[in-house]
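K.L.:
If you scroll down you'll find the structure; I have some questions about it.
Laboratory data are not the source of any read-out in this text; all were calculated from the coordinates shown. Since we're looking at a predicted model, the values are computed, not measured. As a convention, Cβ positions derive from the backbone with ideal geometry for all residues, glycine included, and neighbour counts pool all protein chains shown.
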Amino acid sequence: MSDASPKYRVLPIVLETGETLPTLVCNSDWIPLRVPTRWAVRRRRFECMDSTLAANLRALGLLYEWAEATLHCHLDDMLERFVIPDGRQFDSLVQFLRARANRPERNLNSLATVANQAVAIRLFLMWASDPTNQGSAHPKAAQQIARERAALIEMFRPIASYTGAAQRIPPLLKQSGHALGHILPF
């Protein structure tokens, strides 16, 4: 699967333990982004499979691309100052994700895919809002962290409602399997 962002890509890094750790890097120099790498190493890899983590990191690549285009800053620098973009700044993020999804050459992303990207972005920003998650002793009031997290939940609620459980394809019935046996050689 190709990466969603032309500026960032996800590379699989094999750790000494044999574990594969997807890592978000800049296409120009292949240096990992700092805050997403901390999130992947300290939190997300313990919550999901590496394929889900890779998809989450591709969504973060789009977030970083959006931040450069809209906020005119490198998001790592902003997040390392423990500043989370606010609601006014996020107004264009979902439109950015939808526009990226609807490019004619990539007609791959559905509304559910964009919603899953938005949920991954929300999880990441909620984690990044707490300086201790990034290993910092920088003081930030628990009430401020709670307000920022509540605001992120509210900002992403409309698009997050489009996520849903995948629909399993029901197994073939025995008679269907016999019909396929006549069409496909086994």
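K.L.:
Under the 0.36 nm per residue contour assumption, what length would be gained going from the current alpha-carbon distance of R147 and L15 to full extension?
P.N.:
Computed gain between R147 and L15 is 43.9 nm.
K.L.:
To continue, here is another question. Report, by chain and number, residues whose modeled amide H sits under 5 Å from the one on H74, excluding near sequence neighbours (fewer than 5 apart, same chain).
P.N.:
The answer is none.
K.L.:
Oh, and also: Using the 2.2 N^0.38 Å rule of thumb for compact globular proteins, work out how the stretch 12-164 stacks up: its C-alpha Rg over that value, please.
P.N.:
Numbers: Rg = 15.3 Å, N = 153, 2.2 N^0.38 = 14.9 Å.
Normalised by 2.2 N^0.38 Å, the Cα Rg of the stretch 12-164 equals 1.03.
K.L.:
How many nm separate the modelled label positions at S110 and K140, each set 7 Å beyond the Cα in the direction of the Cβ?
P.N.:
Distance between the two pseudo-spin positions: 3.5 nm.
K.L.:
Going by how many other beta carbons lie within 10 Å of each one, how would you line up W30, W39, W127, fewest first?
P.N.:
W30, W127, W39
K.L.:
Can you work out the Karplus-derived ³J(HN,Hα) for every residue in the stretch 67-76? Use 6.51 cos²θ - 1.76 cosθ + 1.60 with θ = phi - 60°, whole Hz, and x for glycine or proline.
P.N.:
Ordered by residue, 3J(HN,Hα) equals 4, 5, 6, 9, 8, 6, 8, 8, 4, 4 Hz.
K.L.:
Right, here's the next one. Quick one: Kirkwood hydrodynamic radius for the stretch 1-73, alpha-carbon pairs, angstrom, one decimal? Can you show the working numbers first?
P.N.:
Details: mean 1/r = 0.0807 Å⁻¹.
Over the stretch 1-73, the inverse of the mean reciprocal pair distance is 12.4 Å.
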